[in-house]
Structures are given as C-alpha cells and as structure tokens.
Amino acid sequence: MAKRDFYETLGVAKGASADEIKKAYRRKAKDLHPDRNADNPKAEADFKEVNEAYEVLKDAEKKAAYDRFGHAAFEGGMGGGGAGAARPGGMGGQGDFASAFSDVFDDLFGDFMGQRRGGQRATRGSDLRYNLRVTLEEAHRGLQKTITVPTAVVCEVCHGSGAEGGAEPATCPTCSGMGKVRAQQGFFTVERTCPTCSGAGQIVKNPCHACAGAGRQQKERGLSVNIPKGVETGTRIRLGGEGEAGLRGGPAGDLYIFIEVQDHPIFTREAESLFCRVPVSMTAAALGGDIEVPTIDGGRSRVKIPAGSQSGKQMRLRGKGMPALRGGGMGDMYIELAVETPVNLTHRQRDLLREFENLSEENNPESSGFFRKVKTFWDGMKG
C-alpha cells in the first residue's frame, strides 16, 4: 500500500513554514494520541504515521530531499545516502520517533510542569497573613503599630546561598543544572524532577551550619505598620516583600494584614456613619431640652431635644462620624432617642402619674388615632 503524502498526513500545504508544520504536528499528536483513543484500533498506526511525517518535514535537509524525490528519497539507491537521508523510522526507528516527540514535549507540557529549562534555582517566598485587631477609636484616628511576625528570613551567615561561608552552590551533576531528567520509555520520552537536586538544578556540597543548607531561618521579626484612618473589618493592607524569604535567593513573598475593628460599647458603625442610642427620661422627652452626648474623638456635643420627642427619633451631627478610607470627607453621627419608662415608683409618683393621665387625654395623638382605627375595624367585623 502506497504511503500517504507527508504534507497531507500533517494537514499542511507543501510550502508550509517550519512553524506551521510544528503547530500542525502538535494538533495531530494531541488528537491521535493512543491514550486518548483507546477505542480506536487505528489510532496507534495513525499516530506513528504523523510522527514519521514530522520527523522528515521538521528537518530542513530531509524536507528538501522529500520535496525533490518524495518517499523515494529515503529508500535505498535514490540519493538517499549521506547524513541528510536518514530513515524516518517506522517500528525500526524508535530513536528518531522519540526525538521527534521530545521536540514538542516542552510545548505540550512545559507550562503545566513548570519551568522548561534551568530548574528551579530561585523560588519566591510564601505570602503571609496577619490578623490585627484595632479599636474603633484607633480606626477613627489611624495609628502606627509595631507587630511581631514569625517568618522565614534570609540566613545571615550564608546570605541565602545555603552553602558554608557564602560559597556558590555547584551545578547538579545528574541533570547538569536542568532540574529535570529525561528517560525514554518505548515510544515516549518522560521528563521527571531530578532526584539528586529535587529540581533545584544545584547542590550544596558544604551546607551552612546555621540554616542546614536551606538558605533561610525561622525568626520573629518586628514590623512597623501604618494603619490608615477609616479602616473597617475586612480591610486588607499589603506589604510587598515583607513575607517569607525566597529560596536560593528568590524574591520574598508579601505580607497581608487583615483588619478587625472591635465592637464599641457606645457607638455602632455602618460604613462612615456612627450611631449612638441615648436614653432620655419621659419628662425630658415630653418637655424637651438639651443633652450632652460623646463623640468618637473623645469630645462632647450638645444636642437639643424637641419637646414631645418619641423613642426612635434621630438627630444628625454632621462630620462627627468616621473618616472615609479612600478620599476625603467625614461621615455623620446619628443620635437615636430611647424614651425611658420609670420603674420602682413611689406612692406619690404613682398618684401624680394617674392624675397626669387623667389630664392628658388630648396629649397622646398617636394612641388616640390608633384606638379610633381599632374601633372602626371591630365595628366593620361585626357588620
């Protein structure tokens, strides 16, 4: 049976560039891989045919010979002798097939497995999280706070190299600094992390006595943190490069500070607004007057209560709330009245209240209106 044209096998035109040929091969290799076509008995043969075509067309000399003589260029006696006319494979050319597959191994799996070449010489340090509790007063005014963070820092003895005396690590002899080794298994070339250097590409012959070759040590580190005005629970502050030290000279990670604002015994917060519930006596609410209320900055403000105020009435103090975290401006503070009913009355007080009640039938418009509505409702039910 005559062989298919190699260009047709890969699905490219005869004048296709090397890049187009490589992309076409990658698509075909993925689609026809036997592991993805277990139910197709022809998949393995088609897969070999694609690799045979790519082995020829990827090589400039072999491609030129194929363009001129076709398949005859790789058969005995037809200009096939010499270095540029090696057989493309079949079952007898497993070495060439493995080489062809290896050429695109990095393209297919390189990004998934990490660095393609050069090992993992420098590794970025881990990010750290620190939970910081602040009071509402501190969130209002902002503050400088020193925190202690347990973390991995660069070894002061070897300066992060991991080698005694600060000497440079040696190139791993097993992987020649690649960090990975390749082994051929049948038709495939399998790439694995180097067992000698664990992917670092380097080995430390004389480990540092202080850090045992790790290049970093566990220590507690004090940091001065600027907490801006207006922070609230959930605010995140990032300190770049203040996280865990990197391995083998890699960059440090970042430190993330998560803010939690404690509950306050007097004020309740909603964004930039503050709420303060102030109890007032029944007589003060009825007669009106002035009361003195606290503010979050430690000051005092006088608030005028209108005569006849009811529970739940709110009054606003402009600019007495919390500062906006981003951008200027201050929120407002809201005073909410809670009219308090007196308890533990004396006999004299009871008598006065009964007398007051008898005289105040027209002084309670809300209750009078409510009971009129109730009477109308009941009358309607009877009808």
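For the reader, a short list of remarks on this structure follows.
- A cut-off of 5 Å between modelled amide H atoms, ignoring neighbours fewer than 5 places along the same chain, links residue 127 with 254.
- Ranking by accessible area, most exposed first, for 49, 191, 44 with a 1.4 Å probe: 44, 49, 191
- Extending 7 Å from the Cα toward the beta-carbon at both residue 60 and residue 8 defines two label points whose distance is 2.9 nm.
- Relative to the current alpha-carbon distance between residue 176 and residue 37, full extension at 0.36 nm per residue lengthens the span by 46.4 nm.
- Net length available on complete extension from residue 30 to residue 281 is 82.2 nm, with 0.36 nm assigned per residue and the Cα-Cα distance removed.
- Residue-level accessible surface for residue 178, protein heavy atoms, 1.4 Å, Å²: 70 Å²
- Ordering of 326-335, 137-146, 52-61 by packing [mean C-beta count within 10 Å, highest first]: 52-61, 137-146, 326-335
- Accessible-area composition of the stretch 241-315, carbon plus sulfur, in percent [1.4 Å probe]: 49 percent
- Evaluating 6.51 cos²θ - 1.76 cosθ + 1.60 at θ = phi - 60° for every residue in the stretch 338-346, the Karplus couplings come out as 10, 6, 9, 8, x, 10, 6, 6, 7 Hz, glycine and proline recorded as x.
- When 193, 151 are compared by accessible area at a 1.4 angstrom probe, the order from most to least is 193, 151.
- The 1.4 Å probe gives accessible areas that order 370, 74, largest first, as 370, 74.
The values are calculated or read from the model by the stated rules, or taken from the named source; none is laboratory data. No experiment lies behind these values; they were computed from the predicted model shown. Note that we place each Cβ from the backbone using ideal geometry, even for glycine, and neighbour counts take in every protein chain shown. Surface accessibility is based on the protein's heavy atoms, side chains included, excluding ligands, DNA and RNA. Shrake-Rupley method; radii C 1.70, N 1.55, O 1.52, S 1.80 Å.
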